[in-house]
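One structure is given here, and the rest of the page talks about it.
The values are calculated or read from the model by the stated rules, or taken from the named source; none is laboratory data. None of the values given here were measured: they were computed from a predicted structure. So basically every Cβ, Gly included, is an ideal-geometry build from the backbone, and we count neighbours across all protein chains shown.
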Amino acid sequence: MFVVVLFYYIIPDKLDFWGGMFGIVIFGALETSIFSIKKGRMEMHSRVDFKIPGIFEFIMEYVTPASMLIILGVWTLQDAI
């Protein structure tokens, strides 16, 4: 009975939290922090008929990493501690 309760109720909830919530925020913060805007700009402008406006480069380089780190910091203060 304990094994059924453990695998039916407890483990999926923990896997959902760590993989679906915490893991996505950590992965997003790491990915946006180490993203190279120079390589990204070359990739965005290759094989296209129009150029992407420069504001999107600013957003990808500064706004997105800052927002991901703020989300991670707020979560750490509210729920992790």
(request) All but one of (1) of a type outside the set (Lys, Arg); (2) at pLDDT 70 or above; (3) assigned to a helix (DSSP H, G or I) hold for Asp16, so report the exception by its number. (result) (2)
(request) Look through Glu61, Glu43 and report the one residue that is surrounded by 12 or more Cβ atoms within 10 Å (Cβ to Cβ) and over 18 Å from Gly20 (Cα atoms). (result) Glu61
(message) Can you pull out every residue in the stretch 35-73 that is out of contact with any Gly (no Cβ under 7 Å at 6 or more places or on another chain) and either within 15 Å of Ile24 (Cα to Cα) or touching a residue at least 40 places away in the same chain (Cβ under 8 Å) (or both)?
(response) Thr64, Pro65, Ser67, Leu69, Ile70, Ile71, Leu72, Gly73
(message) Return the residues of the stretch 22-46 that are over 13 Å from the mean Cα position of the chain (by Cα) and either at pLDDT 80 or above or of a type in the set (Asp, Glu) (or both); say none if nothing qualifies.
(response) Glu43, Ser46
(request) Quickly run through the stretch 28-40 and pick out the residues that are loosely packed, with under 12 Cβ neighbours inside 10 Å and either closer than 27 Å to Thr76 by Cα or hydroxyl-bearing (Ser, Thr, Tyr) (or both). (result) Ile34, Ser36
(message) Cβ-Cβ distance below 6 Å, separation of 6 or more or different chains: which pairs start in the stretch 17-34 with a residue that is closer than 15 Å to Thr64 by Cβ and end on one that is of a type in the set (Ser, Thr, Tyr)?
(response) Thr32/Thr64
(request) Please specify each residue of the stretch 51-81 satisfying the condition of being outside any helix (DSSP H, G or I) and over 13 Å from Gly40 (Cβ atoms). (result) Lys51, Pro53, Ile81
